[in-house]
């Protein structure tokens with residue numbers, strides 16, 4: 001159902017008209033003008049302290065609402081589920097899947113929605129890793145992000161296959177894997193999470209404003225009206241903003257890996273975000289699995305650990321070196337086997353963790369090196385970084401990853417030399 005504008009007595013108003021043409025209830029003949037997304041956003045917003053370019057109209061204090069919508073009309077699963085059910089009749093969809101299907105249905109005419117202008121304004125191509133070619137994904141080899149991208153693509157494909165089986169015939173023609181992946185990408189890059197009331201929500205207008213990891217505004221669930229009974233979804237000033245200042249929306253992520261995965265961007269001037277998550281664990285197929293699990297549990301440690309290492313900008317920071325030593329200690333235990341397995345016996349149980357602080361044997365150290373240099377994204381990655389690879393990474397926006405990989409390699413080599421067997 002489209003929104004149309006009424007131009008007649010000099011007073012602009014909104015009315016609903018099924019085909020977007022014809023007359024409203026006014027006695028005068030009127031000229032009908034279809035509203036743009038900008039008109040729709042500002043006609044439906046409760047608070048409008050920001051213009052369409054993201055500039056603050058008037059100075060506001062921190063905590064003031066810049067743009068807000070009633071929660072009852074927000075682009076959220078609870079609001080669109082009735083419309084979606086009218087064409088899909090599928091039960092038990094999770095919120096993300098439901099919104100993804102709704103986006104497709106609106107974009108390709110299966111549903112006539114109040115959000116049509118907004119959906120039509122969304123970009124058709126997204127520069128996110130899940131849309132990269134296999135050749136482009138090779139630029140990420142050596143980082144844990146490569147395997148994450150592959151696993152997400154597999155998950156989306158499997159999820160699509162399950163959903164497709166439950167869809168009615170006439171809708172199946174419009175729901176393709178490419179379109180479903182596009183919808184998931186839109187939600188990755190534009191949606192906000194506002195628990196507990198809204199697990200995921202899109203905020204038209206605000207999601208097109210500039211973003212930063214330290215902006216001057218945030219999206220929140222707010223309350224208003226008498227006794228706070230009105231629930232809203234709002235873009236709220238996170239600092240004092242002066243008239244004419246650019247409103248920048250804060251997007252949070254723990255590392256450049258997550259920024260690249262979710263938003264297709266990296267911050268090259270932020271060393272604190274240049275980080276790699278290293279995931280290691282005890283394999284269930286390990287013949288000494290039970291013994292190693294018992295030792296880790298006695299140390300109040302998990303059988304699978306995640307370590308985060310940040311780039312050092314050519315400096316060996318003490319806290320990072322301590323973490324690398326802890327990683328080596330953990331891996332020595334995980335890789336313990338063969339002639340060294342006697343250390344897992346009960347008589348050494350209270351001391352074995354301390355033993356792992358130093359090299360156990362050449363064989364054990366070799367296994368640790370192999371595990372930490374795994375090619376499948378579980379370790380530090382390959383140390384062979386050619387000039388061509390550097391140029392490719394730079395041109396694809398992945399220079400940060402390359403610098404980090406070099407830095408981690410240098411640190412691990414330094415750690416080996418400092419405790420060399422000679």
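Filtering the range 208-221 to residues that are under 27 Å from residue 81 (Cβ atoms) and surrounded by 20 or more Cβ atoms within 10 Å (Cβ to Cβ) leaves only 219. Screening the range 335-346 for residues that are out of contact with any helix residue (DSSP H, G or I) (no Cβ under 7 Å at 6 or more places or on another chain) and part of a helix (DSSP H, G or I) and picking the one that is farthest from residue 361 (Cα to Cα) gives 346. When restricted to residues that are part of a helix (DSSP H, G or I) and either modelled with pLDDT of 95 or more or under 30 Å from residue 209 (Cα atoms) (or both), the range 159-184 contains 8. Can you name the number of the only condition in (1) at pLDDT below 90; (2) in contact with a strand residue (DSSP E or B) (Cβ under 7 Å, 6 or more places away or on another chain); (3) not in a strand (DSSP E or B) that residue 187 fails? Against the list (1) at pLDDT below 90; (2) in contact with a strand residue (DSSP E or B) (Cβ under 7 Å, 6 or more places away or on another chain); (3) not in a strand (DSSP E or B), residue 187 comes up short only on (1). Suppose the filter is touching a helix residue (DSSP H, G or I) at 6+ places or on another chain (Cβ under 8 Å), closer than 15 Å to residue 126 by Cβ and surrounded by fewer than 19 Cβ atoms within 10 Å (Cβ to Cβ); does residue 186 pass it? The answer is no for residue 186.
Among the listed residues 86, 68, 73, identify the single one that is under 13 Å from residue 201 (Cα atoms) and surrounded by fewer than 17 Cβ atoms within 10 Å (Cβ to Cβ).
Values: 86 fails: under 13 Å from residue 201 (Cα atoms); 68 fails: surrounded by fewer than 17 Cβ atoms within 10 Å (Cβ to Cβ).
Selected residue: 73, the only one of 86, 68, 73 that is under 13 Å from residue 201 (Cα atoms) and surrounded by fewer than 17 Cβ atoms within 10 Å (Cβ to Cβ).
Scanning the range 102-117 for residues that are in a helix (DSSP H, G or I), surrounded by 19 or more Cβ atoms within 10 Å (Cβ to Cβ) and modelled with pLDDT under 90 turns up just one, 117.
Residues are listed down the side, and each one gets a yes or a no for (1) over 19 Å from residue 371 (Cα atoms); (2) modelled with pLDDT under 80:
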residue: 313; (1), (2): yes, yes
residue: 317; (1), (2): yes, yes
residue: 320; (1), (2): yes, yes
residue: 329; (1), (2): no, no
residue: 332; (1), (2): no, no
residue: 336; (1), (2): no, no
residue: 341; (1), (2): no, no
residue: 346; (1), (2): yes, no
residue: 350; (1), (2): yes, no
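Within the range 123-158, the residues that satisfy the criterion of being crowded, with 16+ Cβ neighbours inside 10 Å, modelled with pLDDT of 90 or more and in contact with a helix residue (DSSP H, G or I) (Cβ under 7 Å, 6 or more places away or on another chain) are 126, 128, 129, 130, 131, 149, 152, 153, 156.
The values are calculated or read from the model by the stated rules, or taken from the named source; none is laboratory data. A quick note: this is a predicted structure, and the numbers were derived from the prediction, not measured. So basically every Cβ, Gly included, is an ideal-geometry build from the backbone, and we count neighbours across all protein chains shown.
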